[in-house]
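These notes are about the structure you will find just below.
The values are calculated or read from the model by the stated rules, or taken from the named source; none is laboratory data. In this text the structure is predicted, and so the values were computed from the model without any measurement. With ideal geometry, Cβ positions are generated from the backbone for all residues, glycine too; neighbour counts draw on all protein chains shown.
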Amino acid sequence: MIDILESSPIAQFAIGSDHRITHWNRACELMTGRSAREMVGTDRQWEPFYPDKRSMLADFIVEGDFGGIIKAYVGKRVGKSMIVPNAWEATDSFEDIGGQPRHIAFLAAPLFDNDKSMVGAVETLQDITEQRKFEQALIHSEEGYRILAENVPDGVALMQDISLVLVNHAFADMFGYTNPEELIGKRADDLIDLEYRERFRTSIDAIQSGASIEKVLRWPALTREGREFWVEGHPNPMKWENRPAVLSTVVDITETRFKEIAIEEETQRLRRENLQLKSSIKDRYKLGDIVGKSPAMQEIYELILRAASTNANVILYGESGTGKELAAKAIHDMSNRCDKAFVPVNCSAIPETLFESEFFGYRKGAFTGANADKPGFLDLADGGTLFLDEVGDLPPNMQVKLLRAIEGIGYTPVGDTRARTSDFRIISATNKNLTDQTAKGLMREDFFYRIHVVPLRLPALRDRKEDIAFLADYFLQKFGHGRKLPTMPGRAMEALYAYDWPGNVRELQNVVHRYLTVGRLDFVYPDRAPINGRAGDRRQASGGLRSAVEDLEKDMISSALNQAGWNKSRAAIILGIPRKTLFRKMKKAGLI
């Protein structure tokens, strides 16, 4: 590497992981006026450029502090290199580098050893003073700008505070105007589809201020006649008459975008067909972490699969403990948002005073204790799913704040001045009747209709008792942590079936967990449980050994049948006997 650096005509230096200079090539000596002898071994790489100690690009690369790069070069050209992997580039201006004013383009990349471990970084310094002077001469000269812009086949637009300052003929033609002068002074967002204007303004403001380094933007636009088409812009922040502005090339990508949409629609069609195929499979006993084989659950599985194939908002109704969050997670995991976050929020647990900071996030210094930026639920759910549990407990004044974000209008983090948007899907859950809540004024009607698009009602456990054996077996395996566990005796299973489960599946889970821990069945409401089964329960052999064996055999057969949902073939496998033998013993025990 020493030979490569020394032979390079471009100024370069390298630092180690301790930020000390390891190489300072001849070109770097000529540019900065500092010799390798006085620089190598020190951490003074900043000294030829800045009056006070600060990090160079190479230092940020060693630290992995890419946010620090952006902060250090706010308002200047900065971003990831499009050519060199893992590298960042930036430009800066200096009054005196090596005895003369210069514009320098920096590029820094990590250095790796043979084990692919980072051992330092190398930084390249290119003098772009003449290039910069040429660019400034063209940009600040309207005649020069016209020459440049009109000889480019793509549209070119200069925006300042969202208004169009300059456009070329190609841009005007693209939007159906014969003369570029017709567009001067017009708001750029007026050329964008109404639904996307707020996001367009937010993006352009962020680029103009240096808060964003987005290089490519795509928007549905409108011609003068109102025809919709798609454009792709390549914006760059700059100064125009000493004020921030955005210069962008613009191309018509309608044909490309329509092809992409066609591919997306085909992908969605295939996904729906796949989900429909899955939904036609009968006798499912599990979907995600939801367990059950009853007709009621088969219907729920089909509704979950259908809901997963769309982006519509879903509302889950059901008593406490019926598995509403599991259903919401299943919808998310089988949707096209599965690669993004699933963000559960307990609405009843958020005080009104903390609503905005929790949902919208806050900026450092927004209030006492805000020592760093914190993203809100909407930031975390961008591209994914926001699960609003106990949504019926959300007060109307909170509903109206959230409604604006749901409708795509945007939200503003506490302590910030710029609105943000987030692309998220709402899945809500409640054990309340939201129609009654709306009639009583406890829920806003517009909020209700926003979240109540696809309603789905989860059955109580007492209404699908045929699933108890499957659920008990599932929880035995879950809490057994892979250990081979005995099945629950028949009398214990009879107790589970006889109980009416006011706490639903969550209560059954706790009962099975307790059974494994203390060896007996304890119910929350013992008066509703006619049997208090005990693990390892032994009957008194008052009727003789044969009678006791027959009773034990009946218990084991009953337990196996319950676990198998009374599927005789599966019960025979559990007992390890032939199906014919099971049938004969069932008949003898009076079970058929």
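Of the residues making up the stretch 41-54, just one is of a type in the set (S, T, N, Q) and either over 19 Å from Gly68 (Cα atoms) or touching a Gly at 6+ places or on another chain (Cβ under 7 Å) (or both), namely Thr42.
Scanning the stretch 68-107 for residues that are among the acidic types (Asp, Glu) and surrounded by fewer than 16 Cβ atoms within 10 Å (Cβ to Cβ) yields Glu95, Asp96.
Taken over the stretch 215-234, the residue count meeting the criterion of being within 20 Å of Asp382 (Cα to Cα) and touching a Pro at 6+ places or on another chain (Cβ under 7 Å) is 1.
Of all residues in the stretch 381-388, one or more are assigned by TED's automatic domain parsing to the domain that holds Val345 and under 18 Å from Pro351 (Cα atoms). Within the stretch 304-325, the only residue that satisfies the criterion of being modelled with pLDDT under 90, in a helix (DSSP H, G or I) and either aromatic (Phe, Trp, Tyr) or surrounded by fewer than 19 Cβ atoms within 10 Å (Cβ to Cβ) (or both) is Arg306.
Each row is one residue, and each column tells you yes or no for (1) buried (at least 22 other Cβ atoms within 10 Å of the Cβ); (2) in the same structural domain as His452 (by TED's automatic domain parsing); (3) over 24 Å from the mean Cα position of the chain (by Cα); (4) not acidic (Asp, Glu).
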{"position": "Ala296", "(1), (2), (3), (4)": "no, yes, yes, yes"}
{"position": "Glu302", "(1), (2), (3), (4)": "no, yes, yes, no"}
{"position": "Ala327", "(1), (2), (3), (4)": "yes, yes, no, yes"}
{"position": "Ile331", "(1), (2), (3), (4)": "yes, yes, no, yes"}
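Listed by first and then second residue, the pairs with beta-carbon distance under 7 Å, at least 6 apart or on different chains, first residue in the stretch 382-394 and farther than 15 Å from Lys329 by Cα, second assigned to a helix (DSSP H, G or I) and among the aliphatic types (A, V, I, L, M), are Val391/Ile451; Gly392/Leu434. With respect to the conditions (1) touching a residue at least 40 places away in the same chain (Cβ under 8 Å); (2) aliphatic (A, V, I, L, M); (3) over 25 Å from Arg306 (Cβ atoms), Ala439 falls short on a single one, namely (1). Count of the stretch 326-337 residues, restricted to those that are of a type in the set (A, V, I, L, M, F, W, C) and either touching a Phe, Trp or Tyr at 6+ places or on another chain (Cβ under 7 Å) or in a loop (DSSP other than H, G, I, E, B) (or both), is 2.
Results for (1) assigned to a helix (DSSP H, G or I); (2) farther than 22 Å from Asp113 by Cβ; (3) not aliphatic (A, V, I, L, M), shown as yes or no for each residue.
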position: Gln12; (1), (2), (3): no, no, yes
position: Asp18; (1), (2), (3): no, no, yes
position: His23; (1), (2), (3): no, no, yes
position: Arg34; (1), (2), (3): no, yes, yes
position: Phe49; (1), (2), (3): no, yes, yes
position: Val62; (1), (2), (3): yes, no, no
position: Gly68; (1), (2), (3): yes, yes, yes
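Note on the stretch 231-257: among residues that are among the β-branched types (Val, Ile, Thr) and in contact with a Leu (Cβ under 9 Å, 6 or more places away or on another chain), the one that is farthest from Asp154 (Cα to Cα) is Val246. Looking only at residues in the stretch 390-401 that are of a type in the set (A, V, I, L, M, F, W, C) and more than 11 Å from Asp446 (Cβ to Cβ), the one that is surrounded by the most Cβ atoms within 10 Å (Cβ to Cβ) is Val391.
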